[in-house]
Amino acid sequence: MKKQLIVLLLLSIATTCFALTESFGPEYDEITTFFQGEDEPDALDAMWDSKSLLKIGVFDNGKGYDSYAQHACEIIRDKGIQVENVTVQVIDIKKLAHFEEWVVLGNAQCQ
């Protein structure tokens with residue numbers, strides 16, 4: 001029970017950090033909403049830092065996240081956004097919440 005409360009607190013803090021972003025249009029918002037939803041259980045939150053940088057927040061479980069970032073590129077492409085020059089970074093949401101550090105766990109340059 002205590003662990004669940006800690007997780008909820010961390011998520012609320014990290015979500016606040018992610019929520020303070022501007023919208024780059026409905027197609028970008030659709031991708032953000034997709035990664036925030038239940039269809040992507042690894043992703044806890046997502047935000048576009050710019051039209052060329054998507055950050056996805058996850059809990060670090062020790063696995064490599066480069067392949068997950070590449071998977072995100074495929075989803076972006078499938079949703080109709082030109083992926084050339086788009087970078088996806090998978091961020092450790094726990095470190096963001098605790099230390100306000102954007103620790104990159106995985107990275108992909110979409111093509």
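The values are calculated or read from the model by the stated rules, or taken from the named source; none is laboratory data. If you're wondering where the values come from, they're calculated on a predicted model, not measured in any experiment. Glycine gets a Cβ as well: all are built from the backbone with ideal geometry, and neighbour counts include every protein chain shown. The protein model used for the area step is the full one, side chains on, heavy atoms only, and it has no ligands, DNA or RNA in it. Shrake-Rupley method; radii C 1.70, N 1.55, O 1.52, S 1.80 Å.
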Complete set of residues in segment 84-95 that are over 16 Å from the mean Cα position of the chain (by Cα) and more than 11 Å from residue 108 (Cα to Cα): 84
Residues satisfying the stated conditions in segment 26-67, i.e. within 11 Å of the chain's Cα centre (by Cα), exposed (fewer than 14 other Cβ atoms within 10 Å of the Cβ) and among the polar types (S, T, N, Q): 33
Enumeration of residues in segment 71-111 that are touching a Leu at 6+ places or on another chain (Cβ under 8 Å) and open to solvent by 90 Å² or more (accessible area, probe 1.4 Å): 94, 98, 102
